[in-house]
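This report refers to the structure that appears directly beneath it.
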Amino acid sequence: MAVSEPNDEDLIASYLRGDMGAFDRLYRRHDRKTFAFVRQMLHPTDRATVEDLHQEGWLAVAAKAASFAPGKARFSTWLYTVMRNQVLDHLRARQSRPVGDDDADPDGLASCVAAPEQALAEKRLVLAVERELLALSVEQREAFLLFTVVELSLAEIADVTQAHPETAKTRLRYARESLRHRLSEWRDG
């Protein structure tokens, strides 16, 4: 008889009882998606900041683990709420600072020297998508990323963002419409 893998709620409970391996399993299970979420919420070319903020988010998860209430929400909903708050705190702090050299190469094409035509076109498409994601409001961007990258339901997105479900649905719809419109030139290519 095969032993089933413990769910997230069981793992966080084990961690709270002192099982550090349970936290490691949670981290490995959600690491890629949480990193992708943080990366897409921030400027994608600043990998060091993304890595730092991602790590700070997981430290906050460890520190706040006792506040997780299994009957109230799924672990993934709570996890992305913690990650979202880390990102929003960072964005608020960043708004108060002057713009620096981060914007010297806004398209990130400096590293794309002598690339083949197809690779350059793909790089430009990725950069266009990233640029348009950043052009969305923070609320629309997070709804879009939580739905497409993290694969949360609209109800879970509403929980994470502390918004009414219809508001979450509207933000997602506006994000999709905006991206569809802004990236229309890439559809035929």
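Before moving on, here are some points about what is shown:
- Solvent-accessible area of His30 with every protein chain in place, 1.4 Å probe, in Å² to the nearest 10: 20 Å²
- Estimated FRET transfer efficiency when R0 is 35 angstrom, pair Leu134-Ala60 (beta carbons, to 0.05): 0.90
- The heavy atoms of Ser14 offer some 30 square angstrom of accessible surface to a 1.4 angstrom probe.
- Residues Glu9, Glu139 ordered from highest to lowest accessible area at a 1.4 Å probe: Glu139, Glu9.
- Computed with every protein chain present, the accessible area of Lys64 is close to 90 Å² [probe 1.4 Å].
- Largest to smallest accessible area among Thr148, Thr34 [probe 1.4 Å]: Thr148, Thr34
- Here the gap between Glu51 and Thr167, fully extended at 0.36 nm per residue and compared with their Cα-Cα distance, gives a gain of 38.7 nm.
- Protein-only accessible surface order, largest first, of Leu88, Leu154 at 1.4 Å: Leu154, Leu88
- A simple spin-label model places the labels of Ala155 and Asp24 3.5 nm from each other, with each point 7 Å out along Cα-to-Cβ.
The values are calculated or read from the model by the stated rules, or taken from the named source; none is laboratory data. Computed from a predicted model, the values in this text were never measured in an experiment. Positions of Cβ are generated from backbone atoms using ideal geometry, with glycine treated the same way; all protein chains shown enter the neighbour counts. In case anyone asks, the SASA skips ligands and DNA or RNA and just uses the protein heavy atoms, side chains included. Shrake-Rupley method; radii C 1.70, N 1.55, O 1.52, S 1.80 Å.
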